[in-house]
1. Pick from the stretch 1-21 the residues that are in a helix (DSSP H, G or I) and surrounded by fewer than 14 Cβ atoms within 10 Å (Cβ to Cβ): which of them is modelled with the lowest pLDDT?
2. Output the qualifying pairs, or none if there are none: Cβ atoms under 8 angstrom, residues six or more apart or on different chains, first residue in the stretch 90-108 and farther than 19 Å from Glu30 by Cα, second residue β-branched (Val, Ile, Thr).
3. So, of the residues in the stretch 1-59 that are among the small types (Gly, Ala, Ser) and in contact with a strand residue (DSSP E or B) (Cβ under 8 Å, 6 or more places away or on another chain), which turns out to be farthest from Gln82 (Cα to Cα)?
Amino acid sequence: EDYPEALKAVAQELDIPLIDLNAMSKTFYEALGAENSKKAFVHYPAHTFPGQKDALADNSHFNAYGAMQLAKCVVEGMKQNQLNLVQNLQPWVTAYNPATPDDPDTCNVPVSPVFDMTKPDGN
């Protein structure tokens, strides 16, 4: 619980930019709501993927949609901090507000063609 505040304190002490992904992701999840937020994580019924016998319900790892939304948050954080890196963004990269995320039912982010049915450590 103290980690986000500690991170802010270190960034301020060292006078370095901070992208507050904790705050933005909280806003994102709250905007989706409890049930819809599952659409940002690895929640798939059995047999969605070749070799997947059981349903997947993992609230720790993002699916392609969730990863894309959080990546958009990072880009917004880069813009807010006026990092030089933003000059390399493509013109099609538009503003993003985590309070109004892309609709998970209409946002089509393809699943990675490279996947492994082994559950990652940490879940």
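The values are calculated or read from the model by the stated rules, or taken from the named source; none is laboratory data. Just so you know, these numbers come straight off a predicted model, no measurement behind them. When we count neighbours, we look across all protein chains shown, and the Cβ atoms used for this are built from the backbone with ideal geometry, even at glycine.
1. Initial filter on the stretch 1-21 (in a helix (DSSP H, G or I)): 3-14, 21.
Okay, now just the ones that are also surrounded by fewer than 14 Cβ atoms within 10 Å (Cβ to Cβ), so 3, 5-6, 9-10, 12-14.
Values: Tyr3: 90, Glu5: 93, Ala6: 94, Ala9: 95, Val10: 96, Gln12: 96, Glu13: 97, Leu14: 97.
Here the residue is Tyr3.
2. Filtered contacts from the stretch 90-108: Val93/Val75.
3. From the stretch 1-59, those among the small types (Gly, Ala, Ser) are 6, 9, 11, 23, 25, 31, 33-34, 37, 40, 46, 51, 55, 57; that's our starting set.
Then drop every residue that is not in contact with a strand residue (DSSP E or B) (Cβ under 8 Å, 6 or more places away or on another chain), which leaves 40, 55, 57.
Numbers: Ala40: 28, Ala55: 42, Ala57: 37 Å.
The residue in question is Ala55.
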